[in-house]
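Q: This is the structure I have questions about; it appears just below.
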Ligand code: HEM
């Protein structure tokens, strides 16, 4: 989606001192991208551990709740780092992302998977064995784990694709 107000905002943002500073200092963008990618790795590994447990494919000797409580913290810590580093990349070249359909899809997937993770986690707050307590719940947990992994992989592909869909 590319609207006139959005394009005007991008033009304004590109001319701010912060954006000009990012554009003119050669090492800033690679440094921010490095931070972004390290945070992506932390989120992805944590999401993988949680989802593999929900799928009952690893750590079967530990409850879903204990795996969640260990790894969900990493996700909640890494997300603000992703938000900040992503925001700085946007400020450096606003139209490249903000007015890009693939970036917008990435943000929608991100909102979706954050809500999904919160819902999965919330259930465990009420009852530690919630996702293990019946066959129907185990099936729901497995389905949601697959949806969650699909969203995270979609976010990563979209993140990489932004560079190739910028016109
Ligand atoms: C929290 C909000 C986030 C914002 C605002 C954001 C923003 C951005 C921006 C602006 C880029 C640069 C794209 C380009 O110019 O080529 C980028 C790259 C990327 N992002 Fe994000 N991002 C966020 C979260 C995430 C998350 C959660 C993931 C994956 C788990 C992710 C994965 C990536 C990947 C793989 C790249 C490509 C990096 C590269 O090619 O060097 N991002 N992101």
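Every number in this text was worked out from the coordinates using simple rules, so none of it is lab data. On a predicted model such as this, the values are computed, not experimentally measured, just so you know. Positions of Cβ are backbone-derived with ideal geometry, glycine not excepted, and every protein chain shown enters the neighbour counts.
Q: Compute the long axis of helix 135-161 from its Cα atoms, compare it with the longest principal axis of the Cα atoms of the chain, and write down the angle in degrees, 0 to 90, nearest 10.
A: Computed tilt is about 20 degrees.
Q: With labels modelled as points extended 7 Å from the Cα through the Cβ direction, what inter-label distance (nm, one decimal) is found for residue 1 paired with residue 108?
A: So the two model labels end up 0.9 nm from each other.
Q: Can you pull the one-decimal nm distance between simple spin-label points at residue 163 and residue 70, each 7 Å off the Cα toward Cβ?
A: Rounded to a tenth, the inter-label distance reads 3.4 nm.
Q: Relative to the present Cα-Cα distance, how much length would full extension add between residue 87 and residue 126 at 0.36 nm per residue of separation?
A: 10.6 nm
Q: May I ask you to sort 53, 70, 160 by Cβ crowding, counting other Cβ atoms within 10 Å and putting the fewest first?
A: 160, 70, 53
Q: Here's a follow-up. Mind pulling the angle between the C-alpha long axis of helix 28-54 and the longest principal axis of the chain? Nearest 10 degrees, somewhere in 0 to 90.
A: So the helix axis and the longest Cα principal axis differ by about 20 degrees.
Q: May I pose another question? Give me the percent relative contact order of the chain, please, defined on Cα pairs under 8 angstrom at least 6 residues apart.
A: Once divided by the residue count of the chain, the mean separation gives 31 percent.
Q: Once R0 is set to 22 Å, what does the formula 1/(1 + (r/R0)^6) return for the Cβ-Cβ distance between residue 139 and residue 59, expressed as a FRET efficiency to the nearest 0.05?
A: With a Förster radius of 22 Å, E is 0.70.
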